[in-house]
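Notes to accompany the following structure.
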Amino acid sequence: MSMKPLAHSTVFIANRGEIANRVIQTARRLGMRTAVLHGAMDADLPYVTNADIAVPTTVVPPVAPYLDISGLVKTAIECGADAVHPGYGFLSENAEFAQAVIEAGLIWVGPSPDVIAAMGNKLHAREVAARLSVPVNGATEPASTSENALRQADELGYPVLVKAANGGGGIGMAMARSEDSLIRAYSRVQETAQRNFASPDVFIERYLDSARHVEVQIFGLPNGRVVALGERDCSVQRRNQKIAEESPAPFLTDEVRSGLVQAAVNLGESISYANAGTVEFLVDMRAGTFVFLEMNTRIQVEHPVTELVTGLDLVELQFRVSFGHDVDIADLNIEPSGHAIEARIYAEDSERFMPRPGKITRWTEPAGSGVRVDSGFTSGNEVTPFFDPLLAKLSVHGATREAALERLGEALADFVVEGPETNLPFLRRLVASPHFSSGRYDTGIVRDLQSEALSGKETA
């Protein structure tokens, strides 16, 4: 690929909200122009007002324009864009979209369509991992019938997870503890997979009750080398979706940490990975072992924690690699320093975590040394029910985990959102809890905290 100038280039961001605003910030610093698409209800959101070009759309439902491959490419061309950045979610891991962008003569800011297609199918990704002797948790072949699913579950042992082979974002999975519940879960996940990912393929995975969800941030360089930029613990989840992340992952042994990093790098290099990517694992802290989960071929929601401990701008690296610029490994901080924690602020209640749209009447962000806010909204904006209710990401950095925890607690106390209900009360309780402050939590931490809260209400 010949090198193309970043300055004065125009990037079309095929996304909205917080991540679009995040990409705009880096693009502007690099001297690039930005273009975005927006519906009428998003017209006053920061990403729209901050972009150089904002293209309105009246297509309904509001999510449809962000899933329309030909429409997005057409808009990018009409904006005079040189490149397309997909952000995360929507079509960010859609190989057909990436290919359409490239065929239109535009730069795709991400890995190649072939790599996206290969790793987007979880079963194929498992096969790649298994060939590299990376442990996988369950089947590497689809459960093509319910009978096949029952056989695989019997071999693995209950409880198990039924998961969509082409799924992502915590969508398309269900846990089963018996044959009867497996049959129900199988049918339900197949329907969800077909509806959301246009494929009914599912597979069976062993469910680990006390596992940690740990992922490794990798970056593929133009010379073919893949580097690891540290790991993140993403075990704080509700409905299989992350709400808090930290780096480095606490209480990993040196052996497990080095094993995760080496497995992620080997996987990336085996598929000639280029650009930002994340390899996800489940870690059994009691056994000191780990298994491969999946690979995400895009920028992650939680990338700010990696940026805080490395001092790197991952979006800038994405641009430079995609535009054909050399990136010297000497310029990359592959030995992170300090500790960073991110908390996701949602417009949702703190008990059942159900969306709570509404107009924001007051918005006050925390500030100060070591505090970062990636926001998609501000005062006066309307939070609609048509998209994910993520409002902002609050990230902090400290010399130690204890310092970062103290800073996060103070920042959460200073973060004020009035109008729609938010999960700020839960996040404050999370950070103050011994479950989280000890650093020895697992993927059941949210369930345990909610059970304690419910028990306290019942005895009050």
Self-check item: Only one of R206, R188 that is farther than 30 Å from A274 by Cα, touching a Leu at 6+ places or on another chain (Cβ under 9 Å) and among the charged types (D, E, K, R)
Solution: R206
Exercise. For segment 25-37, name all the residues that are under 22 Å from the mean Cα position of the chain (by Cα) and surrounded by fewer than 24 Cβ atoms within 10 Å (Cβ to Cβ).
Key: Q25, T26
Exercise. For R22, indicate whether it is in contact (Cβ under 8 Å) with a residue 12 or more places away in the chain, basic (K, R), surrounded by fewer than 21 Cβ atoms within 10 Å (Cβ to Cβ) and out of contact with any Leu (no Cβ under 9 Å at 6 or more places or on another chain).
Key: no
Exercise. Residues being charged (D, E, K, R) and buried (at least 22 other Cβ atoms within 10 Å of the Cβ): count how many of those fall in segment 146-161.
Key: 0
Quiz item: Looking at segment 342-365, is at least one residue in a loop (DSSP other than H, G, I, E, B), among the basic types (K, R), in contact (Cβ under 8 Å) with a residue 60 or more places away in the chain and surrounded by 13 or more Cβ atoms within 10 Å (Cβ to Cβ)?
Solution: yes
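Rundown of residues vs (1) open to solvent by less than 30 Å² (accessible area, probe 1.4 Å); (2) assigned to a loop (DSSP other than H, G, I, E, B), yes/no style:
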{"site": "P385", "(1), (2)": "no, yes"}
{"site": "D388", "(1), (2)": "no, yes"}
{"site": "H397", "(1), (2)": "no, no"}
{"site": "E406", "(1), (2)": "no, no"}
{"site": "T422", "(1), (2)": "yes, yes"}
{"site": "R428", "(1), (2)": "no, no"}
{"site": "H435", "(1), (2)": "no, no"}
{"site": "D442", "(1), (2)": "no, yes"}
Exercise. Would you mind finding the one in A143, A164, A125 that is open to solvent by less than 10 Å² (accessible area, probe 1.4 Å), under 24 Å from the mean Cα position of the chain (by Cα) and at pLDDT below 90?
Key: A164
Self-check item: Answer from V283, V321 - the residue that is surrounded by 24 or more Cβ atoms within 10 Å (Cβ to Cβ), among the hydrophobic types (A, V, I, L, M, F, W, C) and either free of Cβ contacts under 8 Å to residues at least 24 places away in the same chain or not in a loop (DSSP other than H, G, I, E, B) (or both)
Solution: V283
Quiz prompt | Any chance S337 is in a loop (DSSP other than H, G, I, E, B), touching a Gly at 6+ places or on another chain (Cβ under 9 Å) and not basic (K, R) | solution = yes
Exercise. Please find, among A104, A117, the residue that is open to solvent by 50 Å² or more (accessible area, probe 1.4 Å) and either hydroxyl-bearing (S, T, Y) or farther than 23 Å from L282 by Cβ (or both).
Key: A117
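Each row is one residue, and each column tells you yes or no for (1) modelled with pLDDT of 95 or more; (2) crowded, with 16+ Cβ neighbours inside 10 Å; (3) in a helix (DSSP H, G or I); (4) touching a Gly at 6+ places or on another chain (Cβ under 7 Å).
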residue	(1), (2), (3), (4)
S187	no, no, yes, no
E215	yes, yes, no, no
E231	yes, yes, no, no
A249	yes, yes, no, no
L267	yes, yes, yes, no
G277	yes, yes, no, yes
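The values are calculated or read from the model by the stated rules, or taken from the named source; none is laboratory data. Source: prediction; values computed, not measured. Reconstructed Cβ throughout: ideal geometry from the backbone, glycine too, with neighbour counts over all protein chains shown. With ligands, DNA and RNA removed, areas are computed over all heavy atoms of the protein, side chains included. Shrake-Rupley method; radii C 1.70, N 1.55, O 1.52, S 1.80 Å.
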